[in-house]
Every structure is written in structure tokens, then in C-alpha cells.
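*Asks:* One structure follows; several queries about it will come next.
The values are calculated or read from the model by the stated rules, or taken from the named source; none is laboratory data. Predicted model only: the values in this text are computed from it and were never measured. Note that each Cβ is placed from the backbone with ideal geometry, even for glycine, and that neighbours are counted across all protein chains shown.
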Amino acid sequence: MNEAQGIVRPPIDELLSKVDSKYELVMFASKRARQISEYYSALHEGSLFNYVGPLIDSAVDDKPLSISLQEIHQDKLQRISLED
């Protein structure tokens, strides 16, 4: 049986070790979740090549935010600091 994992997978402490603050984690994950959501919307419209889909194996019922948190946890994404 596949049990819903929610925020316990990946653990929040491990996610916070990948960024400098909780705020940065929220911004990073939400931006990627929007990109994944746009990918799925474009998939229905046929303009698939304009967006990057999930970088991990995901189920149909996985939410874009859950997918983005998994990508961050598995180091599939690289954050770029905009500080000078």
C-alpha cells in the first residue's frame, strides 16, 4: 500500500540544510512548483517543449509542491544566489 507521505518525506530539517533560511526554501520550492504546474498545463495544450517537467519519478496524484520539495532534497535543482 502506498501511504501518503506529506511533509515528513523529505524531512524538513534536511530540506533546510540545503538553503540559508525557511523563507528561501519557500521561495525556491514555490517557484519550481509553479514551473511544474505550467508544464502540466502546457502538456494538455500541446506546447510541451517550452517547459521543464518533473526531474524525478512522480505519480499522477503528486502535487507540484511535493515534487519540487523532492527535487530539492535529491539535489536535482541548483539554486543561484543573486547577491553581489
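*Asks:* Quick one: which of S41, S47, S37 is under 24 Å from I80 (Cβ atoms), of a type in the set (S, T, Y) and free of Cβ contacts under 8 Å to residues at least 60 places away in the same chain?
*Replies:* S37
*Asks:* A further question follows. Please go through segment 48-68 and pick out each residue that is surrounded by 11 or more Cβ atoms within 10 Å (Cβ to Cβ) and more than 26 Å from P11 (Cα to Cα).
*Replies:* Hits for segment 48-68 are L48, Y51.
*Asks:* Of the residues in segment 36-57, how many are assigned to a loop (DSSP other than H, G, I, E, B) and at pLDDT 85 or above?
*Replies:* 6
*Asks:* Restricting to segment 61-83, and then to whatever is aliphatic (A, V, I, L, M) and in a loop (DSSP other than H, G, I, E, B), can you tell me which residue is modelled with the highest pLDDT?
*Replies:* Initial filter on segment 61-83 (aliphatic (A, V, I, L, M)): 65, 67, 69, 72, 77, 80, 82.
Filter once more, so that each one left must be in a loop (DSSP other than H, G, I, E, B): 77, 80, 82.
Numbers: L77: 90, I80: 79, L82: 71.
Here the answer is L77.
*Asks:* Of all residues in segment 1-35, how many are surrounded by 15 or more Cβ atoms within 10 Å (Cβ to Cβ) and modelled with pLDDT under 90?
*Replies:* 1
*Asks:* Within segment 9-45, can you find the residues that are among the small types (G, A, S) and closer than 14 Å to Q74 by Cβ?
*Replies:* Of the residues in segment 9-45, the ones among the small types (G, A, S) are 17, 21, 29-30, 33, 37, 41-42.
Residues satisfying the conditions are S17, A29.
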